[in-house]
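Structure first, commentary second.
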Amino acid sequence: MDTATTTLFVANALVLLVLALAFSFAWLGQRSEVYWTSWIAANITLATSLLLFTMEAPAAFPRLPLLFAGTLVVAGFGLRWRAARQFGRRPAPPALVFAPAGLAAALFILSANSHYGEVYAAANVLMATQAAATAYEFWRDRADGLPSRYGLVLAYGAVAASFAVRAGRGLAFADSFTDYVPRDSMLEIHLLVALFYAVASGAFALSIAYERGAIALREAALRDPLTGIGNRRAFEQRLETYLSGGHGGFAVALLDIDHFKTVNDRHGHAAGDMALRRCAEILCSHFRPGDFIARIGGEEFAAILPGISAAEAVDLTERVRSAVEMQPVIDNCGAFGITLSAGVVHSSGGARTLDALLKGADDGLYRAKADGRNRVHLFAA
């Protein structure tokens, strides 16, 4: 093997090992994300296979390094497919991960120093399929808006195309092959593509994990940790969006659990937390799918109801109030009931700022409580 080809093999292996180290540091900070271990294992496996390709075969076992190298490179691409599946929160059956490597090993063993071109083509078909399948795994979830997906699709697509070209060559010129891996200019071109792939796939793997983590942090900052619905910040941001125009008429409802301190004093804070979660579940199931529900205070909830009249908003909120009253909260000590008071304000009533809408809804809530609680009151400017 000439120096240039050996250098490219070694360069690819070193890049993969450096990125495996980077993946290891990422895994230390995200131990629950199993795709890191798959990426680490894939890189180490691929790096080992590339270094084996540079070894001189022992005289007693001339095909041994090639057997291991060919099997490991297919296994490495299987592990990368598994990492992509795990990143997409999908199962990766072990048979689909490792069966291609077993098939590659069988091809090398059973060919018995013959059919070089056919084995070369079959092995490259396997790897082209694995790389294309991995590219598809990243492409299929593009709706999540993570930009690095496109870099990963490009990287895996490029190496899949290179493997496909090599497979075509093996089929077209099978009779001229005298080795399983011809050391020629096409191999050097493929190794250059592989080097681009190793760098790009590793860099974009790190960046896509960062992008997902950043989105998760932003979403967590807008979510109430106890109930899982939006928090006050999320509610105010969404309300500002509706106030900016283009959304038509909408209503805002403020809903407060009646005598919540008594619930905590009588049943305990754990039961109080259960009441909050149960209330949030009922609100989410009884308001409409397009309505935005948030917990904006201790026992206070809010809802933005788009595309609705004032009368319809009151009727809908009344149905939610009734559902809360009819469904008891069940804890370890038994069951107890809760009720809601609510104030509703409509954007057509003249309130066109966030503070004005919240004040109107709060005035309606105050009136509902003053009238005896467990009722809904519409604020009219």
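The values are calculated or read from the model by the stated rules, or taken from the named source; none is laboratory data. Note that this is a predicted model, so its numbers are computed, not measured. For neighbour counting, all protein chains shown are included, and Cβ atoms are generated from backbone atoms with ideal geometry for every residue, glycine included.
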Residue list for the stretch 317-359, filter: part of a helix (DSSP H, G or I) and closer than 21 Å to Gly372 by Cβ: Thr317, Glu318, Arg319, Val320, Arg321, Ser322, Ala323, Val324, Glu325, Met326
Sole residue being among the polar types (S, T, N, Q), in contact with a helix residue (DSSP H, G or I) (Cβ under 9 Å, 6 or more places away or on another chain) and either farther than 30 Å from Val324 by Cβ or surrounded by 17 or more Cβ atoms within 10 Å (Cβ to Cβ) (or both), chosen from Ser185, Ser207: Ser207
Give the number of residues within the stretch 288-307 that are surrounded by 23 or more Cβ atoms within 10 Å (Cβ to Cβ) and either in a loop (DSSP other than H, G, I, E, B) or not assigned by TED's automatic domain parsing to the domain that holds His259 (or both). 0
Taking His269, is it out of contact with any Gly (no Cβ under 9 Å at 6 or more places or on another chain) and over 22 Å from Asp363 (Cα atoms)? yes
Taking the criterion of being in contact with a Gly (Cβ under 6 Å, 6 or more places away or on another chain), of a type in the set (Asp, Glu) and more than 22 Å from Gly76 (Cα to Cα), would at least one residue in the stretch 134-141 satisfy it? yes
Condition met for Tyr197 (surrounded by 17 or more Cβ atoms within 10 Å (Cβ to Cβ) and of a type in the set (Ser, Thr, Tyr)): yes
Members of the stretch 18-54 that are surrounded by fewer than 16 Cβ atoms within 10 Å (Cβ to Cβ) and within 25 Å of His190 (Cα to Cα): Val18, Leu21
Among the residues of the stretch 5-12, is any in a loop (DSSP other than H, G, I, E, B), surrounded by 15 or more Cβ atoms within 10 Å (Cβ to Cβ), more than 21 Å from the chain's Cα centre (by Cα) and modelled with pLDDT under 95? no
